[in-house]
1. Please verify whether region 79-102 includes one or more residues that are exposed (fewer than 14 other Cβ atoms within 10 Å of the Cβ) and under 30 Å from L425 (Cα atoms).
2. Please go through region 90-137 and give me each residue that is without any contact (Cβ under 8 Å) to a residue 12 or more places away in the chain and not basic (K, R), ordered by number.
3. Quick check on region 312-324. Is at least one of its residues closer than 29 Å to H17 by Cα, within 16 Å of the ligand (Cβ to nearest atom) and in a helix (DSSP H, G or I)?
4. What's the number of the only condition in (1) assigned to a helix (DSSP H, G or I); (2) at pLDDT below 95 that S147 fails to meet?
5. Any chance you could count how many residues in region 360-417 are charged (D, E, K, R), assigned to a helix (DSSP H, G or I) and surrounded by fewer than 20 Cβ atoms within 10 Å (Cβ to Cβ)?
6. With respect to Y223, determine if the residue is touching a helix residue (DSSP H, G or I) at 6+ places or on another chain (Cβ under 6 Å), in contact (Cβ under 8 Å) with a residue 12 or more places away in the chain and more than 27 Å from E118 (Cβ to Cβ).
7. State whether one or more residues within region 274-281 are more than 16 Å from the ligand (Cβ to nearest atom) and within 18 Å of the chain's Cα centre (by Cα).
8. When you scan region 150-203, how many residues do you find that are more than 18 Å from R69 (Cβ to Cβ), part of a helix (DSSP H, G or I) and either of a type in the set (A, V, I, L, M, F, W, C) or within 9 Å of the ligand (Cβ to nearest atom) (or both)?
Amino acid sequence: MLNGQIEFDYNNMMVSHIGSEYGLQESDLTQLQKSFADVHTAIHTGSGAGSDYLGFLSLPETVQSQIPRIQETANQIAEKSDIHLVLGIGGSYLGGRALFEALCHPYHNQLDRARRGERPRLFFEGNNLDTDSLLSMLDLLPEGTPSSLAERWSMNVVSKSGGTLETAVTFRILRQLAESVYGDQAAEYIVATTDAKAGKLKGLADAQAYPQFVIPDDVGGRYSILTPVGLLPAAVAGIDIQQLVQGAADMKAACQSSSLQDNPAYLYAALQHLSWQAGRSISVMNIWDKALEYVGFWYDQLCAESLGKDGKGRIPITGVCTRDLHSRGQELQDGPHNTVITNLIVEQMQRKIELQSDPGNSDELNYLAGTTLHEMLNKAHDGTNYAYAREGRPSMNFKLKERSAYNLGALFYLFELSTVAEGYLMQLNPLNQPGVESYKNFMFGLLGREDKREYREEFESRPAHDARFQR
Ligand code: PA5
């Protein structure tokens, strides 16, 4: 698909390749095709659950008009600061982080500014309540007023609701620091990415006259990578956001049919759904390119928060290969038959390294002389998936020609559409996240918020925890 930029191979899901005990029949897909007529209608007419949040489907077009301003602001941030902090959590964090990790130099923050393409170092915070992590990041900031570009820092606070504790608390700490070091000019170093109308962050940003970017009402957090939520951090890092959006636009065009064979997003949804119905409740994304690990984490959130509800769902796990073949590999090969694997592979590396012959051959590696590391990785992949297949363990492959903004934009779009389709097949709302409120209610109650008093009271009347095993 997309002029051969992305290939999807699901042979190892089928009876023909993994045998009849665990493989799927072509007829399973044919039968499910009927349900896709309804899924397709629900998505395209907005008649499905949560349809108020289907705005992500048209982002490849609707975000276009914002790209010049996003790029201009990113360039200004890059010109005036050498450290850029992105504060956000969940859908307001993982997309930007995934893009940064995938498309910047793996040691971007350690390179000198020229080798970073005159872009700032990027750090992600506001995604936890971790004292050491935050204080360690503050250690990187200069004490007092920055006196040179190398010391100047800026930040982008990303929160649609503005009420997310992790982000809001971190922002208060950093905002106060910015006000103390930059004085009247603090607002020049702060950008807010938030809701258009409501929310505490919106009010604060208006009052302080921070430059603002809008997260559209009809786009939920984990579907927002193609809004300023993902695009602004990416542009600050020097990533080609136009190509990212173009990839998504081309994938959108490739996913217009209701036919499984002509719509890769639906096909992936169908395979995951059949697999889930067959009792495979754990889906592993095995990443064969370290830089894409956060793409896996981004997908973990998309899948878990969208599909894990009403007592249903599959547990997504990200693994990096070959690293995790030495940890989870044993269980995937030999444990319970409750997993399905999606491999994410990059065909061409940007550089290559080849093993040289060694006269002594004391490590007995000369049989590999002339072989590149990437060729070894590919053989590891082929060998691993054949080993799974011969034991009836299903897997499928997304192969990207190269790791590029274009291909990632396409992949993100495919996974988002596929997740909604899968949710509709499961007859649930893939666009809400009611379960997340539960921990927040008790946490806010325990932290003393009066409107959450009932949760504090319930918690306080819970069965006692005896210190039974304390010595
Ligand atoms: O997908 C979602 O909706 C969530 O993961 C949110 O993105 C996350 O909770 C952060 O919310 P907010 O942007 O309101 O701070």
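1. As a first pass, look at region 79-102 and keep what is exposed (fewer than 14 other Cβ atoms within 10 Å of the Cβ): 79.
Narrowing further to those that are under 30 Å from L425 (Cα atoms): none.
No, every residue in region 79-102 fails to be exposed (fewer than 14 other Cβ atoms within 10 Å of the Cβ) and under 30 Å from L425 (Cα atoms).
2. H105, Y107, Q110, L111, D112, A114, D130, T131, D132, S133, L135, S136
3. From region 312-324, those closer than 29 Å to H17 by Cα are 312-324; that's our starting set.
Going one step further and asking which of them are within 16 Å of the ligand (Cβ to nearest atom), we end up with 313, 316.
Adding the requirement that they be in a helix (DSSP H, G or I) leaves none.
For region 312-324, residues closer than 29 Å to H17 by Cα, within 16 Å of the ligand (Cβ to nearest atom) and in a helix (DSSP H, G or I): absent.
4. Of (1) assigned to a helix (DSSP H, G or I); (2) at pLDDT below 95, only one is false for S147: (1).
5. Summing the residues that are charged (D, E, K, R), assigned to a helix (DSSP H, G or I) and surrounded by fewer than 20 Cβ atoms within 10 Å (Cβ to Cβ) in region 360-417 gives 4.
6. Working: touching a helix residue (DSSP H, G or I) at 6+ places or on another chain (Cβ under 6 Å): yes; in contact (Cβ under 8 Å) with a residue 12 or more places away in the chain: yes; more than 27 Å from E118 (Cβ to Cβ): yes.
In short, yes.
7. No, because not a single residue in region 274-281 is more than 16 Å from the ligand (Cβ to nearest atom) and within 18 Å of the chain's Cα centre (by Cα).
8. Qualifying residue count for the region: 14.
The values are calculated or read from the model by the stated rules, or taken from the named source; none is laboratory data. This structure is a prediction, so every number in the text was calculated from the model and none was measured. Backbone-built Cβ (ideal geometry, glycine too); neighbour counts: all protein chains shown.
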